[in-house]
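In what follows, a structure is listed as C-alpha cells, so that the remarks can point back to it.
The values are calculated or read from the model by the stated rules, or taken from the named source; none is laboratory data. Quick caveat, the model's predicted, so the values are computed rather than measured. Here the Cβ positions follow ideal geometry from the backbone for every residue, glycine too, while neighbour counts run over all protein chains shown.
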Amino acid sequence: MKIPSPFDKQSLTDAEDLAQGRSKELFDLIIHFASNQPNTEFYIWLNELQQLNLNFPRNKEIRDSLAKSMKHAIRMFGERKAFADMLFILDELQSLYKKNFEFEILCEYLAEGISVAISFLKGTWDAEGTSALLKRLRDLLRKNDENSIIKLHYARSYSSAVNRFCSDRHNFTCDKLLFEFRMFANKNRDEEEIQYEFSQGLISIIGTLARESRIEELESVMTELRKIASRFPNSEKIQLLLTRGTILSTLADKRNE
C-alpha cells in the first residue's frame, strides 16, 4: 500500500497553477495571433486548452480562458466566412456550457456566440440555419429570462435576421420572425436597448414597404415606430431611427407621383 506523500497536495497545486498560467498564455495566443495563423495552429492551441480544462474541470480561470477563446473564434471564423468552423466552435461552446450550466457567465458567452453567428449568417440566405440558432437562443432565454445581457443578444439576433429575411415581405420566414420579435419587444416595452433593436427591425420593413409602395402597411409600421419613439423621447438612437424611417417612408410618395 502506497503511503500518501505530504508533498502530493502541494504537487497537485503546483500542477494546477502551471496549467492555469498556460491557459492564459493560450488565450493570449488565440486572441492576438490566431487571426493571422492557419486554422491548424488555432486548433492546436484550442485542443491544448480543452485538455487543460479536462484535467482541472473546477478551475474557473482555465474554464473562462477556454470559453472566451471559443467566443473569439466564432467571430474570427465568421469574418473569414468559414461558417463550418464557426458553427463547430459554437457547438463546442454549447457543450462546455451544458457541462457547467450553473455558471451564468457561460450562458452569456454562449448567447453572444449565437448572436455573432447569426449576424454573419446574415450574408447568406440560410433561413433554416438561422431559425435553428434563434431556437437555441430562445431556449437559453427561457431558462434565464431575467438576464438583461441574454435578452439584448436575443433582440440583436432577431434584428439581424429581420434585416436579412424581410427584404421581401411576401415571405413566411419574414412574417414569422416579425411575429416572434414583436411579442418579445412587447414584453420588454420599457427596455430601451431592446426597443432600439426592434426599431431597427422596423426600419428594414419600412424600406421594403416604401420600395413596393404598400402604403397601408407602411403607415401601420410607421405608427408602431412613432409609438416607440414617443416612449423614449430622450433616446437619441431611437429618435434618429424615427427620422430615418420618416425619410424612407417618403420614397413611397415619390414613387406614386
Considering (1) surrounded by fewer than 18 Cβ atoms within 10 Å (Cβ to Cβ); (2) over 18 Å from residue 85 (Cβ atoms); (3) among the aromatic types (Phe, Trp, Tyr), say which one residue 33 fails and leave the rest. (2)
Do you know which residues across the stretch 95-115 are surrounded by fewer than 18 Cβ atoms within 10 Å (Cβ to Cβ) and either within 20 Å of residue 130 (Cβ to Cβ) or not hydroxyl-bearing (Ser, Thr, Tyr) (or both)? 98, 99, 100, 101, 102, 103, 104, 105
Run residue 118 past the list (1) farther than 15 Å from residue 88 by Cα; (2) in contact with a helix residue (DSSP H, G or I) (Cβ under 9 Å, 6 or more places away or on another chain) and report the number of the one that doesn't hold. (1)
Under 6 Å between Cβ atoms, which residue pairs at least 6 apart in sequence (or on different chains) link something in the stretch 30-53 that is within 14 Å of residue 67 (Cβ to Cβ) and at pLDDT 95 or above with a partner that is among the charged types (D, E, K, R) and surrounded by 14 or more Cβ atoms within 10 Å (Cβ to Cβ)? 53/63
Kindly provide the set of residues from the stretch 231-251 that are hydroxyl-bearing (Ser, Thr, Tyr) and not in a helix (DSSP H, G or I), ordered by number. 235
Counting just the residues of the stretch 225-250 that are under 18 Å from residue 166 (Cα atoms) and surrounded by 18 or more Cβ atoms within 10 Å (Cβ to Cβ), which one comes out nearest to the chain's Cα centre (by Cα)? 241
For the stretch 223-252, pairs from a residue that is on the phi > 0 side of the Ramachandran plot to a residue that is exposed (fewer than 12 other Cβ atoms within 10 Å of the Cβ) and in a helix (DSSP H, G or I), with Cβ under 8 Å and 6 or more apart or across chains, are none
Please determine whether any residue of the stretch 128-139 is within 29 Å of residue 214 (Cβ to Cβ) and of a type in the set (Lys, Arg). no
